[in-house]
Structure formats: C-alpha cells, structure tokens
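Asker: Can you keep this structure in mind? I'll have questions shortly.
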Amino acid sequence: MNETRKVPPDAVHVWRGFRSEDKTQQQFEEFLGSVFVPGCSLLQPNAGLHAYIPSLPKHEGKPPTVPDQSALMFWTSQQTYHDAFKCVAVRCYTNLHDDLYDTSRSAAEFPIQLPEKDLQPETPYFLIDAPADWMSGDVVHYIGARNHNISPELFRTQTLQWARSLQSASGLEGGLLCVGESYIVAWALWGKGEGNPNCFAPLKSITATWLDRTSEHYELEHGLWEDWTGIPMTAPNSLNIQLHRTLDI
C-alpha cells in the first residue's frame, strides 16, 4: 500500500451541500458532473487532496432538510488544507460553490473524535483514531432522514449507540458521521473487497433511507485540456474518485 495515501481522521472536510434555489435538480446535477466534481478532482490533488468521495442521494420525495449532496475531501493535514488556498487552482475551484449551493445552509468541517455521550448537531465525528487510505478501500455511505416519531435528542442518542457498536466491527478501518436535526450522513471504510454493505442496517429503524451504497471507484481518464463531458453525477450515486497527484504531498 502506498503510505502517502493514508491521512489522519481529522484531516477530512465533511461536506453537506444544499442546492441553490436558483438551480433545478437537473441543472444541479449537470453542473456537478460537468464542472464542479471534475474541478475538485483535477485542480486540488497537487495541493494536498488525497481522496475525494462525492455523492448524491435520491431526489424524488426527499425532504428539504436532508442534504442534496455530500462529499468527503481528505487532505494531508488540516494545515495543508489552509495552505492550499495560496494556490490559484484551489481558489478557482472554491469560488464555484456560490454558483451551485445555498451557502447559508451548506457546510463543511473537520471532524473530532466520537464522544462518550451527547452528539452535537451539525458536528462531524470520526470513529477510528488512526490514519487510513480512503481512496483505495471500500467506502459504504449512508444518508437518512430522521423519522418523525423520534425526537432529535433521541435520534442523536441512538445514532451514538450504533456508532459505538460499529467501532468494534472487525475490519473497520475508518468511520465518519454527522447528525443534523433531521438527517444523518455516515461513511464506513473497509479494506478493498471487504466492505460490509449491511453496516448501516440498524439506522434504518430510526431513519428513512435516501442513500445506502458502496462508493464506486471512478477512474479519471481525462484532464483539464481534453474534450469530455465530465464525471457522471446523477442521483442516486456515490463515487470514490481515483485522483492523480504527486506522491510527495
């Protein structure tokens, strides 16, 4: 395994994106696939981006309180992320957000360690305190809407119980989650070919499922200067973009 692909668990931006009201779902998906996701995939790796996992939940009937898009962006370190804004390429990509998202609702933060009790709303957490290679492994991703018969407080309590149980699962190499007032996004990393597609089954008793799948490894076969339509981003899907980058970052 290429050790340079491993990143610490607190060096990932956990993104929950809400579509701008100026964009229809079709326009949203088209811009994601033709500009935004290719831009992130091609402009940021040489600034320190090690793995990128963009996803789209089902759209028809989805509550507006559930994110329209999620993503994980793994950096060498938190400082590398901040330093990346010295690069013109990174600033160009970042400025695309205003064209696509409701930036008053969308958010990304670095996660903190899972607490013993009391998950805080809109706070990302990591489950495994060890570096991991998210680009090479099997990532299973879940997006769910809180059932209306469960209070936000009980929702967070039961989610924490599930997360604590998952931490001891054999073969788990990494885990991330974030709970809002009305939704959960969660990711579990397993070794290549060893993913457990049922790891989120306990959450289905407290949520309505809008995405539950293993992220597809997607090879970048084109570059910035080639004639191509972009990366397919049609809901629902989840892609583990196989980034091209220098190995000394």
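The values are calculated or read from the model by the stated rules, or taken from the named source; none is laboratory data. Remember, predicted model here, so these are calculated numbers, not experimental data. Cβ coordinates were reconstructed from backbone atoms using ideal geometry, including for glycine residues, and neighbour counts include every protein chain displayed.
Asker: Tally the residues that are surrounded by fewer than 16 Cβ atoms within 10 Å (Cβ to Cβ) and of a type in the set (A, V, I, L, M), restricting the search to the range 151-172.
Answerer: 2
Asker: Right, something else. Just need a number here: residues in the range 173-186 that are touching a helix residue (DSSP H, G or I) at 6+ places or on another chain (Cβ under 8 Å) and either within 20 Å of Lys62 (Cα to Cα) or surrounded by fewer than 19 Cβ atoms within 10 Å (Cβ to Cβ) (or both).
Answerer: Counting residues in the range 173-186 that are touching a helix residue (DSSP H, G or I) at 6+ places or on another chain (Cβ under 8 Å) and either within 20 Å of Lys62 (Cα to Cα) or surrounded by fewer than 19 Cβ atoms within 10 Å (Cβ to Cβ) (or both) gives 6.
Asker: Scan the range 6-46 for residues that are in contact (Cβ under 8 Å) with a residue 40 or more places away in the chain and polar (S, T, N, Q) and report the count.
Answerer: Summing the residues that are in contact (Cβ under 8 Å) with a residue 40 or more places away in the chain and polar (S, T, N, Q) in the range 6-46 gives 6.
Asker: Report every pair of residues separated by at least 6 positions or lying on different chains whose Cβ atoms are under 8 Å apart, first residue within the range 112-129 and surrounded by fewer than 15 Cβ atoms within 10 Å (Cβ to Cβ), second of a type in the set (Val, Ile, Thr) and at pLDDT 95 or above.
Answerer: Pairs that qualify, where the first residue is surrounded by fewer than 15 Cβ atoms within 10 Å (Cβ to Cβ) and the partner is of a type in the set (Val, Ile, Thr) and at pLDDT 95 or above, are Ile112/Thr123; Pro121/Val179; Glu122/Val179.
Asker: Tell me, which residue of the range 203-221 that is free of Cβ contacts under 8 Å to residues at least 40 places away in the same chain and surrounded by 15 or more Cβ atoms within 10 Å (Cβ to Cβ) is farthest from Glu153 (Cα to Cα)?
Answerer: Here the answer is Tyr218.
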